[in-house]
Structure formats: structure tokens, C-alpha cells
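> Here it is: the structure, laid out below.
The values are calculated or read from the model by the stated rules, or taken from the named source; none is laboratory data. Computed from a predicted structure; not experimentally measured. For neighbour counting, all protein chains shown are included, and Cβ atoms are generated from backbone atoms with ideal geometry for every residue, glycine included. Note: areas computed on protein heavy atoms with side chains; ligands, DNA, RNA excluded. Shrake-Rupley method; radii C 1.70, N 1.55, O 1.52, S 1.80 Å.
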Amino acid sequence: MNKNDQDYLVRKIRTQYTEKEHTALDELKELDTKVKRPANVFAYVFGSISAIIMGSGMSLVMTDIAEIVGIKNPMLYGIVIGLVGMFMAIINYPIYKGILGSRRKKYAEKIIALSDKIMKG
């Protein structure tokens, strides 16, 4: 191992044991995450639930589950449940954009001020 490789390895190990200073860029990243995370979590959870509901409706129509459960007219119930799930999936994106837009308005001043500070040095 040559001297440069050894120095690099020493620095790499040393950075793991030193405290990192909290910079303005770290704060900007945290604010950006704070804006986006609630909208993303909502979209993933709501989208997953809507897909499960839509799939349940499709299962009623396409399989023999309705007979096991005791539903007499599975086609009607399956279509209605599938349409409810589809409607939920369709409105997921507009709701996501609404949540994201309101959070952006809430934190816009802080983020703009902090990014101006970073860019000016």
C-alpha cells in the first residue's frame, strides 16, 4: 500500500469518528424533506389502499371468492368496489399535489431565505 492510499484510508476512518458540523446546506435539505415527506407518505399509503380496494373488486368479479363468502350477485358488487378503488387511485395525485403545494407555501420563505444565504456565501 503506497503513502497516498494509506493517507486516504486514515482520513476515511477518521471522519467516522469526528463530529460533523451542521451547515446551512444540511438545514436546507432537512427543510426540503420536511416539505415533501408528508405528501409522499400520504400518496404511498392512500395509493396502496386504493389498489387493494380495486383489486378486491376485480377478485369478486373474476374468481369464485363470492360463492365462498356467500354473495349472490358478485358482478355488481365487484364492479362497484372496483370503481371505488379506481376513483381513489385517480384522486390520489390531485390530493398529493394539494398537500405538497400547501406545505411549499408554508415553508417557502424559510427555504428561499436560506438558499439565498447559501448562494451569496
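> Could you list the residues of region 74-93 with an amide nitrogen less than 20 Å from a label point located 7 Å from the Cα of Ile65 in the Cα-to-C-beta direction?
74-90
> Ignoring ligands, DNA and RNA, what percent of the accessible area of the chain is carbon or sulfur (1.4 Å)?
Roughly 62 percent of what the probe reaches on the chain is carbon or sulfur.
> Using a probe radius of 1.4 Å on heavy atoms only, what accessible surface per residue do you get for the chain? Whole Å² is fine.
80
> Contour minus end-to-end for Glu27 and Met1, with contour as 0.36 nm per residue of separation and end-to-end as the Cα-Cα distance?
5.5 nm is the gain from fully extending Glu27 to Met1.
> So for Leu9, Leu28, what's the accessible-area order with a 1.4 Å probe, most first?
Working: Leu9 75, Leu28 35 Å².
Result, largest first: Leu9, Leu28.
> Name the residue, out of Ile90, Ile13, Ile65, whose mean-square fluctuation peaks in a Gaussian network model built on the chain with Cα pairs under 10 Å.
Ranking Ile90, Ile13, Ile65 by mean-square fluctuation puts Ile13 first.
> Which one is right for this structure if log10 I(q)/I(0) by the Debye sum over Cα atoms at q = 0.15, 0.16, 0.20 Å⁻¹ is calculated from it: (1) -0.82, -0.87, -1.03; (2) -0.58, -0.67, -1.11; (3) -0.68, -0.77, -1.17?
The calculated read-out lines up with (1).
> Can you send over the solvent-accessible area of Val35, 1.4 Å probe, protein chains only, in Å² to the nearest 10?
Around 10 Å² of this residue is reachable by solvent.
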